[in-house]
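Quick notes on the structure that follows.
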Amino acid sequence: MLAIPTLKFSYGNLLLARLRELDSATIEELLGDEPAQRFKSDGPFENPERRARDCLRYARMLGMVSESDRRWTLTDAGDEYAECVDLANPWIVNQTQAGILRRQLSSGSADLADQVRIALQVVEELTPDWSNDDLGRTLAGRAGSDQWQAERTFESQGARYRELLIESGLVDRRGDLTEAGASFSGRRPAVWWVNQGATYTKERDGGFLWAPMLNRAGRPQYHWDSMDEVREGDVVLHYSNGSLRAASHVSARARPAPNPLDDQAWEVEGRLVATKYRELNEPVALGAIDESARIRHGSPFTVSGSVQQVYLVGLRDDFVSELAQRFPELATHLPEISAIAPSPEVPTEAATPSELFRDFADAVDASGLQFPAGSQLIRSFVSSLLAKPFAILTGLAGSGKTQLAMRLGEWFGTDEHGRHRHVVVPVRPDWTGPEFIFGYEDALRTSSSGAPVWFVPEAFEFVLRAANDPAHPYLLILDEMNLAHVERYFSDFLSGVESRRPVLPDLVFDRESRQWVLRDVEAQRLPLPRNLFVVGTVNVDETTYMFSPKVLDRASTFEFRITAEELDAELRRPVAAQAGEDRKVRAFASLAEVDDWQREYPHPSRDEIVSVLREVHRILASANQEFGHRALYEILRFCAFYAATGDTDANTALDLAMMQKVLPKVHGSRRRVEPILNELETLAAGAGTIPRLPLTHSKVVRMTESVRANQFVSFAE
């Protein structure tokens with residue numbers, strides 16, 4: 001390894017500028033009559049020629065000059081560099097010059113290129129706040145050269161290499177690799193996954209990660225020790241309450257720091273990494289991340305794809321690449337990684353929509369719950385909930401609405417404590433606000449910690465359970481949800497399910513006081529868990545309220561009817577359904593959380609379906625009852641999932657979609673509605689003797705008869 005013969009390359013800036021003026025020169029010509037003017041400090045110098053020669057030798061090792069017959073000449077790179085010398089302050093290397101130095105070093109043409117790469121590798125291996133002596137001694141071990149034999153050379157040579165790394169912008173003044181340094185050394189920024197839970201808000205607001213040195217037993221933990229491996233420029237993905245909430249960029253390596261969290265659960269001594277948080281506009285739910293990818297990756301994930309109780313774990317390139325491809329907003333924070341095939345270490349096969357439908361249909365059949373032969377209700381019900389986690393079941397009392405919803409909840413199974421992943425909540429006529437679903441802060445009670453205490457009704461406690469188990473689906477059944485004005489008690493849900501903005505207080509159950517308290521007085525609200533599904537049952541009579549278009553537009557609506565021929569004297573009361581296989585139950589949540597699933601697996605006749613929907617939109621627009629982008633998006637999702645369950649007929653999917661998403665919006669007076677019903681009847685009938693869309697045709701005919709008889713009609717009969 002070559003020794004660098006002067007401390008700073010910038011000290012030769014004036015010599016290079018002078019050489020550019022002369023084009024070619026000897027040492028004597030460069031120094032002229034006043035050699036002291038060519039150097040940073042004033043003379044006199046015992047041997048200015050030797051000092052100038054050392055500077056030029058340094059420039060030659062960087063590919064900036066060449067020598068022939070004692071005459072020195074700038075190379076093209078040297079000429080470019082010398083042109084950028086600031087004569088008002090020639091003792092610094094500016095950013096443009098630093099870029100030229102890096103280019104010379106990265107091209108491999110400079111004699112010092114290999115040595116600088118070794119020095120960068122050494123810097124990465126050294127502990128924070130390394131000294132020049134540390135660098136010099138480590139370089140000496142790598143070099144095996146006689147130049148390092150003298151003890152005093154460790155400090156001086158370490159200082160010279162350090163200054164070159166700083167001037168070329170590869171390390172900063174603290175000795176940490178810059179982004180340019182990481183790129184130069186071939187080290188791409190690493191990506192880390194951190195589980196923060198209750199500490200997320202404080203760590204985000206403080207701009208740091210913190211982990212203790214030892215646990216209460218005095219032992220280190222690998223997922224805490226990994227803090228020492230984090231480098232400046234690395235990316236951290238922050239997981240809390242079931243979702244990736246933010247991405248951050250590390251601004252400084254780990255340093256010793258006392259516990260800043262005011263949490264007695266941890267030891268005082270620990271490590272702190274400074275990092276700049278950037279919250280995601282739309283958090284990424286755990287279930288939206290491909291389950292097989294999670295299982296293949298291992299830590300921080302379990303063998304079933306849930307999240308382990310660990311703090312900080314590095315992520316493999318194949319997993320990061322998959323995140324970047326699936327989530328565009330997240331990709332803007334991740335380093336560029338070429339598409340990498342998933343690691344085949346753990347062969348896993350995700351359950352398909354077809355498997356989920358067959359498994360659930362078999363469970364419903366085994367329970368004794370029956371629907372008319374040829375009915376597509378179960379297939380449609382499963383496809384609709386995969387497309388949108390909110391469904392309304394309306395129709396005749398005792399027609400099986402609540403029973404179907406309960407069978408799905410039973411198929412979802414139980415959690416690790418044996419509690420069902422579904423709950424039936426009867427809606428009461430006195431529900432006049434969101435507190436009946438989402439609770440309220442109870443000012444009459446206090447907690448030992450001083451945190452606000454909340455009244456948590458059954459429905460909200462269930463929602464919080466879902467948030468704490470993001471890998472599994474949870475089903476909230478609101479029975480007879482139109483006994484009260486839906487818009488009054490359910491507005492927070494309707495807003496949260498569309499915007500995915502935070503609407504829930506972040507609560508934790510205090511077992512000592514048996515109270516729900518705010519996890520942190522400064523904590524922000526949480527978004528609705530993406531693994532929460534809501535099914536509402538509706539009976540229409542004089543004691544109930546009508547649904548507004550705002551509610552119907554956000555749900556898939558199913559109508560239950562029973563003909564006289566379908567009444568069967570042999571029917572028995574249904575029994576509970578068997579829980580589904582855990583792999584398939586988890587897949588239900590995962591598939592529902594993949595927003596672009598229908599783009600990857602569109603219905604084979606998507607273009608034909610879109611063409612018909614455009615015609616329907618034109619018809620409805622004449623009465624100002626047309627639908628928007630959201631309805632089209634959800635219909636195409638439904639059709640894609642419906643085809644994936646095994647029925648690819650376009651007319652069947654379109655017929656069901658019209659019944660669930662379009663006709664529920666049609667309501668009003670005869671003068672307003674009858675013309676569009678007539679046009680819809682013609683469209684549903686088609687050109688043949690058998691209606692093209694039989695369910696839609698039958699419903700439109702009944703609505704037309706109703707509007708003629710009563711001068712007003714809505715979807716609910």
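The values are calculated or read from the model by the stated rules, or taken from the named source; none is laboratory data. Please read these numbers as outputs of a predicted model, since none were measured by experiment. No Cβ is skipped: glycine too gets one built from the backbone with ideal geometry, and neighbour counts run over all protein chains shown.
Computed values, structure above
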| item | result |
| --- | --- |
| GLY242 modelled with pLDDT under 90, under 23 Å from the mean Cα position of the chain (by Cα) and over 30 Å from ALA589 (Cβ atoms) | no |
| Selected residue (criterion: modelled with the highest pLDDT) from residues of the range 553-573 that are charged (D, E, K, R) and surrounded by 11 or more Cβ atoms within 10 Å (Cβ to Cβ) | GLU559 |
| Residue list for the range 39-57, restricted to those being assigned to a loop (DSSP other than H, G, I, E, B) and either surrounded by 13 or more Cβ atoms within 10 Å (Cβ to Cβ) or modelled with pLDDT under 60 (or both) | PHE39, LYS40, SER41, ASP42, GLY43, PRO44, PHE45 |
| Yes/no for GLN515 being of a type in the set (S, T, N, Q), closer than 14 Å to PRO452 by Cα and at pLDDT 80 or above | yes |
| Number of the condition not met by HIS249 [criteria: (1) closer than 22 Å to ARG188 by Cα; (2) out of contact with any Ser or Thr (no Cβ under 9 Å at 6 or more places or on another chain); (3) surrounded by fewer than 18 Cβ atoms within 10 Å (Cβ to Cβ); (4) not acidic (Asp, Glu)] | (2) |
| Count of the range 608-633 residues which are surrounded by 12 or more Cβ atoms within 10 Å (Cβ to Cβ) and under 23 Å from GLU498 (Cα atoms) | 10 |
| Filter result for ALA640 (surrounded by fewer than 22 Cβ atoms within 10 Å (Cβ to Cβ), more than 22 Å from GLY536 (Cβ to Cβ) and either touching a Pro at 6+ places or on another chain (Cβ under 6 Å) or assigned by TED's automatic domain parsing to the domain that holds SER556 (or both)) | no |
| Residues within the range 79-123 that are crowded, with 20+ Cβ neighbours inside 10 Å and in a loop (DSSP other than H, G, I, E, B), tallied | 4 |
| Scan of the range 652-671 for residues that are surrounded by fewer than 17 Cβ atoms within 10 Å (Cβ to Cβ) and either of a type outside the set (Gly, Ala, Ser) or in the same structural domain as GLN376 (by TED's automatic domain parsing) (or both), ordered by number | ARG671 |
| Candidate set: the range 124-135, residues that are over 39 Å from the mean Cα position of the chain (by Cα) and part of a helix (DSSP H, G or I); chosen: the one surrounded by the most Cβ atoms within 10 Å (Cβ to Cβ) | LEU135 |
| Candidates ARG358, ARG379, ARG421, filtered to the one that is modelled with pLDDT of 85 or more and under 18 Å from ILE477 (Cα atoms) | ARG421 |
| Qualifying position, being in the same structural domain as VAL423 (by TED's automatic domain parsing), of a type in the set (D, E, K, R) and under 29 Å from the mean Cα position of the chain (by Cα), among ARG514, ARG488, ARG525, ARG561 | ARG525 |
| Strands (runs of 3 or more DSSP E) wholly inside the range 205-260 containing at least 2 residues that are farther than 30 Å from LEU532 by Cα and either assigned by TED's automatic domain parsing to the domain that holds GLN309 or not small (Gly, Ala, Ser) (or both) | 208-212, 243-258 |
| Any hit, the range 1-23, residues being in a strand (DSSP E or B) and modelled with pLDDT of 80 or more | no |
| Some residue of the range 682-695 being surrounded by 14 or more Cβ atoms within 10 Å (Cβ to Cβ), of a type in the set (A, V, I, L, M, F, W, C), within 26 Å of PHE390 (Cβ to Cβ) and without any contact (Cβ under 8 Å) to a residue 24 or more places away in the chain | no |
| Subset of the range 538-597 (residues that are in a helix (DSSP H, G or I), aliphatic (A, V, I, L, M) and more than 30 Å from GLU498 (Cα to Cα)) | ALA564 |
| Only listed residue being touching a strand residue (DSSP E or B) at 6+ places or on another chain (Cβ under 6 Å) and charged (D, E, K, R), chosen from ASP469, ASP506, ASP492 | ASP506 |
| Number of positions in the range 256-268 that are modelled with pLDDT under 90 and out of contact with any Phe, Trp or Tyr (no Cβ under 9 Å at 6 or more places or on another chain) | 6 |
| Qualifying residue in the range 461-483 (condition: more than 29 Å from VAL585 (Cα to Cα), at pLDDT 85 or above and either surrounded by 19 or more Cβ atoms within 10 Å (Cβ to Cβ) or among the charged types (D, E, K, R) (or both)) | yes |
| Residue satisfying condition, being loosely packed, with under 13 Cβ neighbours inside 10 Å, at pLDDT 85 or above and farther than 21 Å from LEU112 by Cβ, within set ASP33, ASP69, ASP76 | ASP69 |
| Subset of the range 535-551 that is surrounded by fewer than 24 Cβ atoms within 10 Å (Cβ to Cβ) and either modelled with pLDDT of 80 or more or not assigned by TED's automatic domain parsing to the domain that holds ALA373 (or both) - its residue that is farthest from TRP454 (Cα to Cα) | ASN539 |
| Candidates THR696, THR648, filtered to the one that is closer than 19 Å to LEU377 by Cα and in a loop (DSSP other than H, G, I, E, B) | THR648 |
| Counted residues, the range 598-645 - those being closer than 25 Å to GLU282 by Cα, part of a helix (DSSP H, G or I) and hydroxyl-bearing (Ser, Thr, Tyr) | 1 |
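Matching residues to (1) touching a residue at least 40 places away in the same chain (Cβ under 8 Å); (2) surrounded by 23 or more Cβ atoms within 10 Å (Cβ to Cβ); (3) small (Gly, Ala, Ser):
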residue	(1), (2), (3)
TYR277	yes, no, no
GLU282	yes, no, no
VAL310	yes, no, no
GLY314	yes, no, yes
ALA324	no, no, yes
PRO328	no, no, no
